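Have a look at the structure below before the remarks.
What follows is calculated from the coordinates using simple rules that are stated; it is not laboratory data. The shown structure was predicted, so the numbers you read here are calculated from the model rather than taken from an experiment. Backbone-built Cβ (ideal geometry, glycine too); neighbour counts: all protein chains shown.
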Amino acid sequence: MYGSYKIMRMSHLFVPTLKEEPAEAVITSHKLMIRAALIRKLAAGLYSYLPLGLKVFKKVENIIREEMDKAGAQEFSLPILTPAELWQETQRWDVFGPELMRIRDRQDHDFALGPTHEEVFTDIVRQEISSYKQLPVNFYQIKTKFRDEIRPRFGVMRCREFTMKDAYSFDIDEKGLDRSYKAMRKAYENIFKRCGLNTVIVQADVGAMGGTQSEEFMVVSDVGEEVLVLCPSCGYAANLEKAESRDGTRPAKSEKIAKMAEVDTPDVKTIEDLTGFFKTAPGKFIKTIICLSDGNPIAVLARGDIEINETKLKNAVQSRQLELADEKTIEKVTKAPVGFAGPVGLKNIMIYADESVKGIVNGITGANKKDRHLKNVNLDRDYKVDKFIDVRKAAEGDLCAKCSKKLSFKRGIEVGHIFKLGLKYTKSMDVKFLDKDQKEKLPIMGCYGIGVDRTVAAIIEQSSDQDGIIWPITVAPFEIIIIALNVNEKKVKDISEKLYHNLSRSFQVLFEDRDLSPGFKFKDADLIGCPIKIIISEKNLQNDQVEVKTRRTRKVESVPLKDLETKIKELIDNEYKSFQV
RNA sequence: CGGGAUGUGGCGCAGCUUGGUUUAGCGCGCUUGCCUUGGGAGCAAGAGGUCGCGGGUUCGAGUCCCGCCAUCCCGACCA
């Protein structure tokens, strides 16, 4: 439990709850955050926190802070406004593109509103750290970030202005980075457990930043923006970008290799067209995609029934920028209009192929001529592949690459991301320290982020019912709500006041003291979702009792006044226990 | 940026197809009074809207046309 709480009465607190669902919200957490008066929208992707929302937000923040400190990280506060020069040093002034919010001052100096703070922290290390004796360090802050999102979405889930806890570790060597990374991984597990969140840790692609390892903390949810590939059998977990998988289809019956032949296929272009035309399963086709890798055309083959994972492809061909080729390029490379590309006779271009192509016997593919396809095409006899790569996009029905059991697919909300960054920033910003062996070296970095707003939303996604939010006690705006049923009854009013003052000494108590109908107050209380409700009515007071009801279980109990404090303490202690780390 | 939808008192919506019975309406909320107190009470009386903005058509536009803006959804995008 943290700190002493200011006295709070519903009659005083600004909690403009809504009976009706706001039209602009689609997902549960967004609807409830508005209805329970946690947030209000200012503009697309910009939200104001109201007093109740802020209380929750601060609790989450505080849990993060405590666990970060416990893990040995040190809190900073860096400016949001950051000079362009710093971003130019690492090329990110350009790389970040339009997502970076830019601003110019009256002297015409360029600045960015920080979307993340690698450069600024690295700059501090560059200036202040010169010896291995000062390392390792892990610096963090909990700060407002700005990203000009192409599409803000789902309330606080994807915003243009949001709060992120970002941490950066600097180590002497790989071993040290491993230690820092593991410490953060553990801290994250603690943080999410304490927030009452069930998370799954998935492997993620390291992306263009060239790190070595990256994992995401995901909250499984249908409204998640990422697809997770999970193996229920061995525990393998990765996001779709990263996921490896194996073919789950039965191998085709062995077939005699037949003679290659050209077929007239007027206007038959897509795999769908082709399966109809040839009356064959999509697995029979050799899909040929022409891409531009850093401006150079390459051909990528895959079996007709699988999709290509662009991230895997990008990594496999070591491309910085990869895109589908435009029509002109395709016509130039294949000498045919779009839709008739094939590997046979394709020249002056690297031909990559997914492993899935290996098993195709007597395949069908484009003839590199308008309205013509080839059938009975076979690897090595009819065409060559320069390099086999794994670009299979995992799909329903695929098997786990590790244990060959069937994979399961779920969606998830990314609440945290940990990352072994390597030397990317220390190198480009020329950060050096003198090691024990008297040699100059680059510190090796890790970075670790948590979306604070998103974490709050995810908690609600995971914990609510038809009546409203069910807060885990660790992040609840108040631990207890005392409802005085009829404040016009002197006895009810007096005893409620007394209990409120007494309990406020040990707990965070919200006092529902408004002169409203009981139903109204119950509904509001459920919406707001405080874990424990104490109901004081004239009826029960006749027996010197009050009612205690828990939000989660809806269990009600009549408790004699004299036992109340003990009972409440017991209940609350129990609640906290289930979120202990 | 492409596709779709929406914009009418604080909130949720109807009215628009077929322009004039509309003085723009309903529910919630709000104000005042009475009444009521175990699951968003009741009665009565009120306040509150240049119908997103601009232009056009018309004798007449919330309603039709054009343009713009905003919001939401899908997609693209997202170290």
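Listed values, structure above:
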read-out	value
Gyration tensor over alpha-carbon atoms, the range A:478-577, equivalent ellipsoid semi-axes in Å	19, 16, 12
Cleavage-rule hits, trypsin sites (Lys or Arg not before Pro), the range A:344-443, DSSP coil, Cβ neighbours within 10 Å at most 12	A:Lys347, A:Arg381, A:Lys384, A:Lys436, A:Lys439
Folded to 0 to 90 degrees: helix A:452-462 orientation relative to chain A principal axis, Cα	80
D (Stokes-Einstein, µm²/s), Kirkwood Cα radius, chain A, 0.890 mPa s at 25 °C	88
Alpha-carbon centroid distance for the pair the range A:232-268 / the range A:187-224, whole angstrom	30
Under Karplus coefficients 6.51, -1.76 and 1.60, residue-wise ³J(HN,Hα) of the range A:565-577 in Hz, glycine/proline x	4, 4, 4, 5, 4, 4, 4, 5, 4, 4, 4, 4, 4
Trypsin sites (Lys or Arg not before Pro) within the range A:219-304: DSSP coil, no more than 13 neighbouring Cβ in 10 Å	A:Lys253, A:Lys256, A:Lys259, A:Lys279
Cysteines, chain A, no other Cys beta-carbon under 4.7 Å	A:Cys159, A:Cys195, A:Cys291, A:Cys447, A:Cys530
Electrostatic dipole magnitude of chain A [Cβ: Lys, Arg +1; Asp, Glu -1; Cα centre; debye, to 20]	980
Calculated diffusion of the range A:261-389, Stokes-Einstein form, Kirkwood radius summed over Cα pairs, 25 °C and 0.890 mPa s, µm²/s	170
Environment charge of A:Tyr132, counting only residues whose C-beta is closer than 12 Å and scoring Lys/Arg +1, Asp/Glu -1	0
Within-13-Å neighbourhood charge of A:Val223 [Cβ basis; K, R +1; D, E -1]	+1
Rg ratio (alpha-carbon, reference 2.2 N^0.38 Å) - the range A:466-515	1.26
From phi via Karplus (6.51, -1.76, 1.60), per-residue ³J(HN,Hα) for the range A:424-434 in Hz, x at Gly/Pro	2, 7, 5, 6, 5, 9, 6, 9, 9, 9, 8
Note, ³J(HN,Hα) from phi for the range A:510-525, Karplus 6.51, -1.76, 1.60, rounded to Hz, x at Gly and Pro	9, 9, 7, 10, 7, 8, 10, 5, x, x, 4, 6, 4, 4, 4, 4
For the range A:1-80: Kirkwood Rh in Å [reciprocal of mean 1/r, alpha carbons]	15.0
Distance from the range A:359-379 to the range A:323-357 (C-alpha centre basis), Å	13
Where GluC sites (Glu not before Pro) fall in DSSP loop in the range A:306-365, at most 16 other Cβ within 10 Å	A:Glu307
Three principal axis lengths of the range A:415-555 [C-alpha, angstrom, descending]	82, 32, 24
Qualifying lysines (Cα of each under 21 Å from Cα of A:Lys569; at least 8 residues distant if same chain)	A:Lys6, A:Lys59, A:Lys498, A:Lys533, A:Lys549, A:Lys555, A:Lys577
For A:Lys406, distant residues with modelled amide H under 5 Å away	A:Cys400
Reciprocal of mean inverse Cα separation for the range A:158-214 (Kirkwood radius, Å)	13.6
